[in-house]
1. Inside the range 5-33, can you point out the residues that are touching a residue at least 24 places away in the same chain (Cβ under 8 Å) and of a type in the set (Asp, Glu)?
2. Is one or more of the residues making up the range 149-165 of a type outside the set (S, T, N, Q), out of contact with any Lys or Arg (no Cβ under 8 Å at 6 or more places or on another chain) and closer than 25 Å to His13 by Cα?
3. Determine if the range 80-99 includes at least one residue that is in contact with a Lys or Arg (Cβ under 9 Å, 6 or more places away or on another chain), part of a loop (DSSP other than H, G, I, E, B) and surrounded by 15 or more Cβ atoms within 10 Å (Cβ to Cβ).
4. Against the definition (among the polar types (S, T, N, Q) and outside any helix (DSSP H, G or I)), how does Asn31 come out, yes or no?
5. Regarding the range 199-219, can at least one residue be identified that is within 28 Å of the chain's Cα centre (by Cα), surrounded by 11 or more Cβ atoms within 10 Å (Cβ to Cβ) and part of a loop (DSSP other than H, G, I, E, B)?
6. I need the full set of residues from the range 34-57 which are in a helix (DSSP H, G or I), in contact (Cβ under 8 Å) with a residue 40 or more places away in the chain and either surrounded by 18 or more Cβ atoms within 10 Å (Cβ to Cβ) or within 29 Å of the chain's Cα centre (by Cα) (or both), in order please.
7. If you take the residues in the range 164-178 that are touching an Asp or Glu at 6+ places or on another chain (Cβ under 8 Å), at pLDDT 90 or above and surrounded by 17 or more Cβ atoms within 10 Å (Cβ to Cβ), which one is nearest to Thr125 (Cα to Cα)?
8. Being open to solvent by 60 Å² or more (accessible area, probe 1.4 Å) and β-branched (Val, Ile, Thr) is true for just one of Ile27, Ile7. Which residue is that?
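The values are calculated or read from the model by the stated rules, or taken from the named source; none is laboratory data. Model, not experiment: these values are computed from the prediction. Glycine also receives a Cβ, built like all others from the backbone with ideal geometry; neighbour counts cover every protein chain displayed. In case anyone asks, the SASA skips ligands and DNA or RNA and just uses the protein heavy atoms, side chains included. Shrake-Rupley method; radii C 1.70, N 1.55, O 1.52, S 1.80 Å.
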Amino acid sequence: MTDVFDIMAIIQHLIGSSILTDDEFCIADINSDSFIDVIDIVNIVQIIINSRGEPASSAQFIRTDSGLSMTADGVVDAVQMTLSHGDDFSIELTDNALIAEYATKDNQTTLIIVVPESEELFVATGEYVIDEMIAANVNGSIPTSMPVSFSLSEAYPNPFNPSTSLDLTLYSDSDVSIMVYNVMGQMVNVLHDGNMSAGTHQITWNASDLASGMYIIKANVAGDVLSNKVMLVK
């Protein structure tokens, strides 16, 4: 009889916590495509759980100031992600799902969430980059997207002396760091480092104490980075 323990065995195999035997692999390969992936998990979910509604045609992942959420136009039965991060990273998966498991090796975390019942997938501390994201339901893998968390205008004036300004637009309250670097990659100024509310903010940099030359203004919001080159001419 197929049950959640079969799903758990596949998840542990996919996240690298354990390896299926050859016999277990054959049994777990529900769709007989010679691969074990989230599609096999979804097929088991369909056996265990009656229809949960109209399958989603796409899913969108949204970074928040605390973690990651997902919105979709219908049912998503399973989500798999691979994250790269530093040593200071920590993660807590949602409790509002049939199964939610992850494994971390070195500076990479693989997570799988089966039958998520809420938009929030996880909360996390520390910066991370999403290397891979998969959403699936009875129709197979579905298109996924992630909107940018912010936008950064061109600096004006540019070239400048001694001040230049640019607009930072946030789509949600976020922790923001805005640093200025010289062409050697050395940080020369911190324009902002901390929480910032959603909306458009004008950022002004006064470089009166620096020498003429090219500088790079970098804005980092939840791991997403945008930069702007500016020229100081005295």
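1. If the condition is that a residue be touching a residue at least 24 places away in the same chain (Cβ under 8 Å) and of a type in the set (Asp, Glu), then Asp6 is the only one that fits.
2. Among the residues of the range 149-165, not one is of a type outside the set (S, T, N, Q), out of contact with any Lys or Arg (no Cβ under 8 Å at 6 or more places or on another chain) and closer than 25 Å to His13 by Cα, which makes the answer no.
3. no
4. yes
5. Among the residues of the range 199-219, not one is within 28 Å of the chain's Cα centre (by Cα), surrounded by 11 or more Cβ atoms within 10 Å (Cβ to Cβ) and part of a loop (DSSP other than H, G, I, E, B), which makes the answer no.
6. Val38, Ile39, Ile41, Val42, Ile44, Val45, Gln46
7. Out of the qualifying residues, it is Val176.
8. Answer to the check: Ile27.
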